[in-house]
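See structure below.
The numbers here are math on the coordinates, done by the rules we state, and not lab data. Bear in mind the structure is a predicted one, so any value in this text is a computation, not a measurement. Every residue, glycine as well, gets a Cβ built from its backbone with ideal geometry; the counts of neighbours run over all protein chains shown.
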Amino acid sequence: MRESGLRMALTLLIIGAICGGLLSMVNGFTAPVIEERAMTEFLQALEGFFPEVEDYEAQEIGDEVFYYCTDNSGNFIGVVGQVKADGYGGKISYDLAVNNSGDIIGMRISSHGETPGIGDVITREEFQSRVIGLNYADPISPGVDVDTVSGATISTGGMLSSIRRVMDIIGENFMTN
Amino acid sequence: MDLTMSIVIIGGLGVLFGGLLAYAAKRFAVEEDPRVEVVTDLLPGANCGACGLAGCSSAAEKIVAGEIPVDSCIPGGKKVADSICEVLGIESVASGGRKVAEIHCLGTKDVAPDKFDYQGVRDCKAAMMYSGGFKACAYGCLGLGTCVEACPFEALSMGANGLPQVDTEKCTGCGVCAKACPRNVIHIELADRKAKYIPCNSKASGKVVRQACEVGCIGCRACVKACPNEAVTVENNLAVINREKCTDCGKCVEACKRGIIKDVGTVLVLK
Amino acid sequence: MSTLAQEFSKGLLKENPTFRLLLGMCPTLAITTSAFFGFGMGVSVFFVLLCSNIVISVIRNFVPDKVRMPAYILVIATFVTITDMVLNAFVPELHKALGIFIPLIVVNCIIMGRAEAFARKNNVIRSILDALGMGVGVTMSLTLVGIIRELFGAGSIFGYNIMGTAFEPMGVLATPPGAFITLGILLGLFNYAFKRLGIE
Amino acid sequence: MHLLAIIFVAILSNNIVLSQFLGICPYLGVTKRIDTSVGMGMAVIFVMTMAAIVTWVLDLFLLQPFGLEFLRTIAFILVIAGLVQLVEMILKKTNPALFRALGIYLPLITTNCTILGVALLNVQSGHNIIETVVYSIATGIGFTLAMVIMAGIRERLELVNMSNYLKGAAVTLVSAGILSLAFMGFKGMVTL
């Protein structure tokens, strides 16, 4: 087993190539499955907000994606934004649904790092009900118009300021009529 | 497309690092004597420092370079010294025989009372900070087990009487306990030798010892007179037996008024 | 050379990677917030350990010593990425919970430890047995910690509510300090148990 | 301002050892003494930053253009292992004194979760090059801070008379838990 440099480089090349090839093959099988599952998951969420949604068109604003939803007769029924907020335990990513007249009709937290038992109140009705029904024109400043949940001020405050930001975006881009 | 690209990238990275490592192996090759690694494996690896070096690997380097004697690894003893000689191809030197730790104190709680009740950290060095230790005798063993903690070979254990006991099988004579003991009660002596020794460490005058301890040497010189081959001398109120001259005749044991002279190697299980 | 049976059984108790060799502490602390996650992580580590032990013991004579580390890491990383992809495709809920700790199985001390300490020196059969023993040992330990943290942290095991509604769950167990303290006490108990069972 | 927030979060509120659970194996092993912890900490900061930069560049120019995100783990760990071994060889030859102080930790660092963890976190949270460097250095400092504090605690623990079932890793983990509780106090102060 000569320890020559060539042999060392060659060994790593062979092992590297085999590993690389194997991985991309496996990825070939799994990637479509992952893609397709993520899509169905999002579609279900979309139908949760707008049962009669037929088609949607994705639009990227900043680093967030907004889905412009239309029903089977093609008229605009609402917008769903995949957006992020700053929480106590880091980024919270969630979907916010606004109907065509600009009222919030629902939201779904997709991932968060809030402290279990305290910060995760944002996933429950108790917090979300405070925001449902608000129009994009209404002011939402934490603690003034919509009070934060005591004990989880950072999480809920973060969510409220992010919702305010998202509502402004939706207001400008989609509420043109 | 994915397949070829991933093979190229990972394979490429592999060959890049393979080449770099090969080049580095040549360019930055440090001439290291392969025997050093072999000798390091032979050494016990307790990094006890008995050979006076930081650890076994540096000791191995010095042994292979010949800067320190082959048998300088005391815990290793003859067995390790011989195997190193085989590796280095030099004839095995007669090493001085096995050395073992010896506790030079018999002062248990009932025979050597305390000056005050010490409630501090259970560590001899810490106890020494409180006016030199809670024991009436200023030289005796405090029995808080610093040596037991320090021993890398777990050869020391705390006896029921509050004094440490040496397991002569496990003890390799590395001397870590002797260094750890703030009162130098532990001495590293040759183990298998027929002789007597005086298990006391007190340099105080006879009058002081009488108050401090019932089994302390008061320097009365009875043993010095009794010994037929002048093996016993008294240095600052403490009788010491010279092991070369001592013929293990036992005359001093009878002469000693306090009966504290013991055989070398006896594990002192006291009353 | 210990017998084949010993090769397997040592991984379960005598040399249990988590409680005796103190390997793989990072995932043990991080994802055992529930028994299912603990079990899922245990099985993934088990799968990667088994495959990498086999491959490493097969190629151990061809790999020059200087590049031993990168070569083994390549093999382990391949199996980890495969596990990552398979979990992402078929068990998404587990994949989301384990998150960054799946890629970190590559540097998990158990696998690298077993590869270096064992697979490099023994033939394939012994390596397989060692991987089986260690793998089962890890899965048991992770599931055990998961059960304890879920039982007291959320009053349920594998999601089934055990402690009834009156039980006020100790939320702290789901947080990082809870993980450290639970594992610390468990280690103490295991040391005590091993001492009593006389397993040195 | 954003960089300051990254530094604060990386060192205190989201400390890589105490709240992300990365690098626990060396954490239990090396924190027996303060000087070994500092030595390890310095080595980790150096390797972590170097690895983060190289992996970030690799990801930008090699993986992202071809959409091979799934190769991230394998490519990163290969680069890290190769780099660490290279650094070890170069250090051993050019600066033996530094090698004796830091070198012994290098093989330990290859299998250290923090290095790969930070490399992946940098890329996953879409940091640009400056943020990557700042985040890596800050995380390294956070790691060293946690280790030195723990080493200080453990050196005092040696003198405490406790049952020897708890000695060693068990008591370290429990005190790390309390330390992590303290660090949780910083959590809400600054958000990224």
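Ignoring aspartates and glutamates fewer than eight residues from B:LYS203 along the same chain, the ones with Cα atoms less than 14 angstrom from its Cα are B:GLU235. Highest mean packing first, where packing is the average number of other Cβ atoms within 10 Å per residue, the peptides A:5-14, B:146-155 line up as A:5-14, B:146-155. Packing around the peptides C:156-169, A:154-167, taken as the average count of other Cβ atoms within 10 Å per residue, puts them in this order, highest first: A:154-167, C:156-169. Taking a Cβ cut-off of under 10 Å around B:GLY132, the surrounding Lys, Arg, Asp and Glu residues balance to a net charge of +3, with basic ones at +1 and acidic ones at -1.
Relative to the longest principal axis of the Cα atoms of chain A, the long axis of helix A:5-49 lies at roughly 20 degrees. Per residue, the average separation of C-alpha pairs within less than 8 Å and at least 6 apart gives chain C a relative contact order of 35 percent.
The three principal axes of the C-alpha atoms in the range B:139-271 carry coordinate ranges of 41, 33, 25 Å, sorted with the longest axis first.
Evaluate peptide B:113-122: per residue, the Cβ atoms of other protein chains within 10 Å of its Cβ; return the mean as an integer. Please report the intermediate quantities before stating the final value.
Working: counts 0, 0, 0, 0, 0, 0, 0, 1, 4, 3.
Average neighbour count from other chains, rounded to a whole number: 1.
Determine the distance separating the Cα centre of the range D:143-180 from the Cα centre of the range A:1-34; give it in Å without decimals. Cα centroid of the range D:143-180 versus Cα centroid of the range A:1-34: 42 Å apart.
Between 0 and 90 degrees, the angle of helix B:77-88 with respect to the longest Cα principal axis of chain B falls at about 30 degrees.
Peptides B:124-136, D:130-142 ranked from most to least packed, by the mean per-residue count of other Cβ atoms within 10 Å: D:130-142, B:124-136.
Kindly give Rg over Rh for the range A:42-122, based on alpha-carbon atoms, with the Kirkwood expression for the hydrodynamic radius.
Working: Rg = 13.8 Å, Rh = 13.4 Å.
Expressed as Rg/Rh, it is 1.03.
Note on D:LYS93: aspartates and glutamates with a C-alpha under 14 Å away, same-chain residues under 8 apart excluded, are B:GLU31, B:GLU32. For the range B:108-188, the spread of Cα positions along the three principal axes, ordered from largest to smallest, is 36, 23, 19 Å.
With N the number of residues in the protein assembly as shown, Rg(Cα) / (2.2 N^0.38 Å) evaluates to 1.18. The Cα-based radius of gyration of the range C:135-200, divided by its Kirkwood radius, gives an Rg/Rh of 1.05.
Simple rule: put +1 on each Lys or Arg Cβ and -1 on each Asp or Glu Cβ in chain C, find the dipole, and look at C:CYS109, C:ALA97, C:LEU144; the Cα lying farthest toward the positive end is C:CYS109. Expressed in Å, the radius of gyration and Dmax of the Cα atoms of the range A:50-174 are 14.4, 46. Checking the cross-link pairs B:LYS207/B:LYS257; B:LYS196/B:LYS257; A:LYS91/C:LYS96; B:LYS135/B:LYS251 against a 21 Å limit on the alpha carbon distance flags B:LYS135/B:LYS251 as lying beyond it. Note on chain B: Kirkwood radius taken over Cα pairs, Stokes-Einstein applied at 10 °C and 1.306 mPa s, translational D equal to 72 µm² s⁻¹.
What value, in deg cm²/dmol to 500, does the helix sum -39500 (n - 2.57) over DSSP H runs of n ≥ 4 give at 222 nm once divided by the residues of chain B?
Working: 10 runs with 89 residues, N = 271.
It lands at -9000 deg cm²/dmol.
Could you work out [θ]222 nm for chain D from helices alone, using -39500 (n - 2.57) per DSSP H run of at least four and dividing by all its residues? Round to the nearest 500 deg cm²/dmol.
Details: 9 runs with 131 residues, N = 192.
Helix contribution divided over all residues of chain D: -22000 deg cm²/dmol.
What translational diffusion coefficient, in µm²/s and rounded to a whole number, does the Stokes-Einstein relation yield for the range C:4-145 at 20 °C and a viscosity of 1.002 mPa s, taking the hydrodynamic radius as the Kirkwood radius over Cα pairs? Spell out each step's value before the answer.
Details: Rh = 14.9 Å.
It comes out at roughly 144 µm²/s.
For the protein assembly as shown, the Cβ-based charge dipole about the Cα centre amounts to some 5260 debye (Lys, Arg positive; Asp, Glu negative; other atoms uncharged). Across peptide C:183-190, the mean count of Cβ atoms from other chains lying within 10 Å of each residue's own Cβ comes to 6. Please state the shape class of the range D:88-192: rounded when a/c is under 1.5, otherwise prolate if a/b exceeds b/c and oblate if not, all from the C-alpha gyration tensor. Oblate shape, in that a/c is at least 1.5 and b/c is the bigger or equal ratio.
Could you tell me how many cubic angstrom of Cα convex hull volume chain D has per residue?
Details: hull volume 23.8 nm³, N = 192.
Once divided by residue count, the hull of chain D is 124 Å³.
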